[in-house]
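Notes follow the structure.
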Amino acid sequence: MTDKIYPIFLLFIGFACSPKLDKETYKKYEISGQEITANVQAVLLSNVGKAIQTGGPEYAVEFCNLEANSIVDSLNGVFDCDISRVSAKNRNPQNALSTGQEKQMWELFANEQLADTVLRNGNDLVYYKPIRTGMPACLKCHGNTQTDINAATKAKLNELYPNDLATGYKLNDFRGLWKVEFKRQ
C-alpha cells in the first residue's frame, strides 16, 4: 500500500502549485486526447501493417526508422497539438523520457496507478495515455529476442537502433506513453 502512496504523493507535490482544472476542461481535453491518440495509433498501425505485408518485420523496422516520426509529426498539424511517444524502454532515442513530468507519469502508469490523464503544464495541458503491445504482430519487433523476433529483424534492429531497449515484451505489456500537448492561450 505504501508503495502506491509514494508516487501519488510525488505527483501531488509536483502539480500542487498549478491551479486545478475544472471538470469541464478536464473532460474536454481527455476526450480530445483519447480521439487523437486513437487516430494516430490507427494510422501508425495501418502503415506498419502494410510494411509487414510488403517486406516482413525487418522491412517494418526500416519503415518505422524512416517514417514513424514524420507520420506523427504530420498529424500534429491536423490536430493542432504536439503528439509524441515516450518510454523508459525506448527504441528511438528521441522517445526517451526527458522531463520530470514524463518520469513521474511513467512510474504511475508502469505501476498501474493511473489511467489516461490530463495535467496542467504552465498554461498548456498535457494528455498521457499508456501504449500496450496490443497485437501479436507487435511482438515480431518488440517481443522476446530469442523466440518472437526472427534473425533478419534482429539484424535490422541492431543496425538501425544499436541501443534499442524496446524488446522483451509480452502481449498487452505496458511499453510506452502517448503524450499530447495542447497549447492554450
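Average accessible surface for the chain: 57 Å² per residue, computed with a 1.4 Å probe over protein heavy atoms with every protein chain in place. Check the straight Cα-Cα distances from LYS50 and name the aspartates and glutamates below 19 Å, setting aside those fewer than 8 residues away within the same chain. Within the straight-line limit of under 19 Å, LYS50 reaches these aspartates and glutamates: GLU58, GLU62, GLU67. Counting only alpha carbon atoms, the long axis of helix 23-63 and the longest principal axis of the chain meet at about 10°. Within a straight-line Cα-Cα reach of under 17 Å, LYS89 can be paired with the following lysines, leaving aside sequence neighbours fewer than 8 residues apart in one chain: LYS103, LYS129, LYS140, LYS154, LYS170, LYS179.
When Rg and Dmax of the Cα atoms in Å is computed from the coordinates, the matching label among (1) 17.3, 52; (2) 16.4, 47; (3) 19.9, 60 is (1). Counting protein heavy atoms only, the stretch 18-140 has 51 percent of its accessible area on carbon and sulfur, 1.4 angstrom probe. Straight-line cross-link reach from LYS27 at under 17 Å between alpha-carbon atoms covers these aspartates and glutamates, not counting any fewer than eight positions away in the same chain: GLU35, ASP116, ASP124, GLU181.
The values are calculated or read from the model by the stated rules, or taken from the named source; none is laboratory data. Bear in mind that the values here come from a model prediction, so they are computed numbers and not experimental data. Calculation scope for accessible area: heavy atoms of the full protein, side chains included, ligands and nucleic acids excluded. Shrake-Rupley method; radii C 1.70, N 1.55, O 1.52, S 1.80 Å.
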